[in-house]
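A.B. asks: For reference, the structure I am asking about is given below.
The values are calculated or read from the model by the stated rules, or taken from the named source; none is laboratory data. Since we're looking at a predicted model, the values are computed, not measured. Neighbour counts run over all protein chains shown; Cβ positions are idealised from the backbone, glycine included.
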Amino acid sequence: MRLLRNIENALQGTIRVPGDKSISHRAVMLGSIAQGKTVIEGFLPGEDCLSTIHCFQKMGVTIIQNGEHVEVFSDGLEELKEPAGILDVGNSGTTIRLMLGILAGTPFHACLQGDDSIAKRPMKRVTEPLRLMGAALDGRMDGTYTPISVRGSGLKSINYVSSVASAQVKSAILLAGLQAEGTTTVTEPHLSRDHTERMLEAFGAQVERDERTVSIQGGQQLKGTTVHVPGDISSAAFFLVAGAIVPNSQITIQNTGLNPTRTGIIDVLKRMGANIEITNISTLSSEPRGDLHITASELKGIEIGGEIIPRLIDEIPIIALAATQAEGITIIKDAHELKVKETNRIDTVVQELKKMGARIEATEDGMVIHGKTALRGADVSSHGDHRIGMMLAVASCIAEGETTLHHPEAVAVSYPNFFEQLEQLQNA
């Protein structure tokens, strides 16, 4: 557990958040199935991304990782080897779902499993379309839950209409589509993150995009490249909200990813009245990035729902905290996907913030938050969910008295030095 205290001073200073988790995963995966050497700069050395490295190393890929610098050496997809043991994805849903797409067409058997959280997360949304392409997949409850067994085979292309806006589902199908005969197409109800499409292009593949539909031609060979990973906007979100709600704060977050499928957090905070400025905008490795400047401000409650939800789904826990400090009522809806994250984030956010005095209620697809509410220190838990842990740590900054956070180690999944940077801003 970790003891956290209300800060007496404002948060001040300049930081860089760790590399984008989604991009780090994909850089290792595409580098592992591309021909030649891939260099990754700004890699996130968190537990989730290290699980991806370990899985591909077990399949014979040479990967050298030194902090944020990674080198991947591969002769292409056809050189992957059957793993001698189970591929352990740890806590990473991205690792298992995207790897199923890659393994769907490989000529060997593999078994994937993860921790207790992964064992509860739905996999049929991926195994179902992959089976339609001809993959042989099995698992608990007919492939709904891990462990998942896959024996790769020849794949055929499909035109798939997904019922959920999920970058993991879309990416798994596209990665399988690389190995399928013909053109594979995925259509989503709303546009989800497009990191896979951008990175496939950076590795030399041709991808066709038309609003909510993406297509890829099978048989394309990827070529190793250099990937510069920007800072993770999902990690930056915690300090954006901290800077907005802690009085007199001023924080600059450098080199933050500004992919338009991920910037919903900025749009929502601006609608709530936050003072955010973006400077030094550039594009590198097909991904836009820039510096974010946030200063303390008076927030107001708003309604959040519809097509913006896929653009901020991971940021909803910290948005809920911001809403406790906003005048009026904030309604978050259309966020069913929160129920199948590392925890049921609707329930855990409501449960933990209520302990601190928040006026917040769960709904079937989101939550209703009444502000502005003074928070108090309490005995709280991350429930093993990194984003819940970081949200509660930010809440402790404005809560009266002491907060005891149980299972703070969960934060290391995506932000190994989070607590150190929070202290840095407190002591600036």
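A.B. asks: Whether any residue in the range 349-364 is outside any strand (DSSP E or B), over 18 Å from residue 383 (Cβ atoms) and touching a His at 6+ places or on another chain (Cβ under 9 Å) is what I want to check. Break it down stepwise before answering.
C.D. replies: If we filter the range 349-364 for residues that are outside any strand (DSSP E or B), which is where we start, we get 349-358, 364.
Subsequent filtering for residues that are over 18 Å from residue 383 (Cβ atoms) retains 357, 364.
Pick out the ones that are also touching a His at 6+ places or on another chain (Cβ under 9 Å) and you get 364.
Checked the range 349-364: at least one residue is outside any strand (DSSP E or B), over 18 Å from residue 383 (Cβ atoms) and touching a His at 6+ places or on another chain (Cβ under 9 Å).
A.B. asks: Taking the condition modelled with pLDDT under 95 and outside any helix (DSSP H, G or I), does residue 343 pass?
C.D. replies: On the way: modelled with pLDDT under 95: yes; outside any helix (DSSP H, G or I): yes.
Yes; evaluated as a whole, the condition is true for this residue.
A.B. asks: Kindly indicate which of 259, 255 is assigned to a loop (DSSP other than H, G, I, E, B), crowded, with 20+ Cβ neighbours inside 10 Å and at pLDDT 95 or above. First the steps, then the outcome.
C.D. replies: Values: 255 fails: assigned to a loop (DSSP other than H, G, I, E, B).
Being assigned to a loop (DSSP other than H, G, I, E, B), crowded, with 20+ Cβ neighbours inside 10 Å and at pLDDT 95 or above holds for just one of 259, 255, which is 259.
A.B. asks: May I pose another question? Which residues, counting only those in the range 219-278, are of a type in the set (Ser, Thr, Tyr) and farther than 10 Å from residue 294 by Cα? It would help to see each step written out before you state the result.
C.D. replies: So the first thing to find is which residues in the range 219-278 are of a type in the set (Ser, Thr, Tyr), and the list is 225-226, 234-235, 249, 252, 256, 261, 263.
Those that are of a type in the set (Ser, Thr, Tyr) and farther than 10 Å from residue 294 by Cα: 225, 226, 234, 235, 256, 261, 263.
A.B. asks: Same structure, new question: Hey, among 144, 95, 62, which residue is over 30 Å from residue 42 (Cβ atoms) and either surrounded by fewer than 18 Cβ atoms within 10 Å (Cβ to Cβ) or touching a His at 6+ places or on another chain (Cβ under 7 Å) (or both)?
C.D. replies: On the way: 95 fails: over 30 Å from residue 42 (Cβ atoms); 62 fails: over 30 Å from residue 42 (Cβ atoms).
After ruling out the rest, the residue left standing is 144.
A.B. asks: Check off (1) of a type in the set (Gly, Ala, Ser); (2) surrounded by fewer than 24 Cβ atoms within 10 Å (Cβ to Cβ); (3) more than 18 Å from the chain's Cα centre (by Cα) for residue 264 and give me the number that stays unchecked.
C.D. replies: (3)
A.B. asks: Moving to a separate point now. Which one of these does residue 112 not meet: (1) in a helix (DSSP H, G or I); (2) closer than 18 Å to residue 29 by Cβ?
C.D. replies: (1) is the only condition that residue 112 fails.
A.B. asks: Out of curiosity, is residue 59 of a type outside the set (Gly, Ala, Ser) and assigned to a loop (DSSP other than H, G, I, E, B)? Reasoning before the result, please.
C.D. replies: Working: of a type outside the set (Gly, Ala, Ser): yes; assigned to a loop (DSSP other than H, G, I, E, B): yes.
So residue 59 passes the test.
A.B. asks: Can you name the residue in the range 187-216 that is of a type in the set (Val, Ile, Thr) and more than 18 Å from the chain's Cα centre (by Cα) and, of all such residues, is nearest to residue 38 (Cα to Cα)? Please lay out each step first, then the result.
C.D. replies: Taking the range 187-216 first, the residues of a type in the set (Val, Ile, Thr) are 187, 196, 207, 213-214, 216.
Pick out the ones that are also more than 18 Å from the chain's Cα centre (by Cα) and you get 187, 207, 213-214, 216.
Working: 187: 30, 207: 20, 213: 28, 214: 25, 216: 22 Å.
Per the criteria, the residue is 207.
A.B. asks: Does the range 71-78 contain any residue that is under 23 Å from the mean Cα position of the chain (by Cα) and more than 30 Å from residue 139 (Cα to Cα)?
C.D. replies: yes
A.B. asks: Using the structure shown, decide if residue 237 is in the same structural domain as residue 10 (by TED's automatic domain parsing), of a type in the set (A, V, I, L, M), closer than 17 Å to residue 19 by Cα and in contact with a helix residue (DSSP H, G or I) (Cβ under 6 Å, 6 or more places away or on another chain). Full working, then the answer.
C.D. replies: Details: in the same structural domain as residue 10 (by TED's automatic domain parsing): yes; of a type in the set (A, V, I, L, M): yes; closer than 17 Å to residue 19 by Cα: yes; in contact with a helix residue (DSSP H, G or I) (Cβ under 6 Å, 6 or more places away or on another chain): yes.
When the stated conditions are applied, residue 237 passes them.
A.B. asks: What's the number of the only condition in (1) within 30 Å of residue 264 (Cβ to Cβ); (2) among the hydroxyl-bearing types (Ser, Thr, Tyr); (3) touching a residue at least 40 places away in the same chain (Cβ under 8 Å) that residue 149 fails to meet?
C.D. replies: Condition not satisfied by residue 149: (1).
Conditions (1) part of a strand (DSSP E or B); (2) hydrophobic (A, V, I, L, M, F, W, C), marked per residue:
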position: 8; (1), (2): no, no
position: 23; (1), (2): no, yes
position: 28; (1), (2): no, yes
position: 38; (1), (2): yes, no
position: 54; (1), (2): no, no
position: 65; (1), (2): yes, no
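A.B. asks: Then there is this: What are the residue pairs meeting all of these: first residue in the range 216-234, first residue farther than 13 Å from residue 68 by Cα and touching a residue at least 60 places away in the same chain (Cβ under 8 Å), second residue acidic (Asp, Glu) and outside any strand (DSSP E or B), Cβ atoms under 9 Å, and 6 or more apart or on different chains?
C.D. replies: Sorted first by the residue in the range 216-234, then by its partner, the pairs are 232/20; 233/20; 233/315; 234/20; 234/314; 234/315.
A.B. asks: Can you work out which of the residues in the range 334-350 that are among the aliphatic types (A, V, I, L, M) and more than 16 Å from the chain's Cα centre (by Cα) is surrounded by the fewest Cβ atoms within 10 Å (Cβ to Cβ)?
C.D. replies: Of the residues in the range 334-350, the ones among the aliphatic types (A, V, I, L, M) are 335, 338, 340, 346, 349-350.
With more than 16 Å from the chain's Cα centre (by Cα) added as a condition, the list becomes 346, 349-350.
Details: 346: 24, 349: 30, 350: 19.
The selected residue is 350.
A.B. asks: In the range 170-206, what residues are over 15 Å from residue 160 (Cα atoms) and assigned to a helix (DSSP H, G or I)?
C.D. replies: If the condition is that a residue be over 15 Å from residue 160 (Cα atoms) and assigned to a helix (DSSP H, G or I), then 195, 196, 197, 198, 199, 200, 201, 202 are the ones that fit.
A.B. asks: Need pairs with beta-carbon distance below 7 Å; first residue closer than 18 Å to residue 77 by Cα and in contact (Cβ under 8 Å) with a residue 40 or more places away in the chain and within the range 179-193, second aromatic (Phe, Trp, Tyr) and surrounded by 16 or more Cβ atoms within 10 Å (Cβ to Cβ); sequence gap 6+ or separate chains.
C.D. replies: Once the first residue is closer than 18 Å to residue 77 by Cα and in contact (Cβ under 8 Å) with a residue 40 or more places away in the chain and sits in the range 179-193, no partner that is aromatic (Phe, Trp, Tyr) and surrounded by 16 or more Cβ atoms within 10 Å (Cβ to Cβ) comes close enough.
A.B. asks: I'd like the residue in the range 386-428 that is of a type in the set (S, T, N, Q) and in a helix (DSSP H, G or I) and, out of all such residues, is nearest to residue 353 (Cα to Cα).
C.D. replies: If we filter the range 386-428 for residues that are of a type in the set (S, T, N, Q), which is where we start, we get 396, 403-404, 414, 417, 421, 424, 426-427.
Filter once more, keeping what is in a helix (DSSP H, G or I): 396, 421, 424, 426.
Working: 396: 11, 421: 23, 424: 25, 426: 22 Å.
If we take residues in the range 386-428 being of a type in the set (S, T, N, Q) and in a helix (DSSP H, G or I), then 396 is nearest to residue 353 (Cα to Cα).
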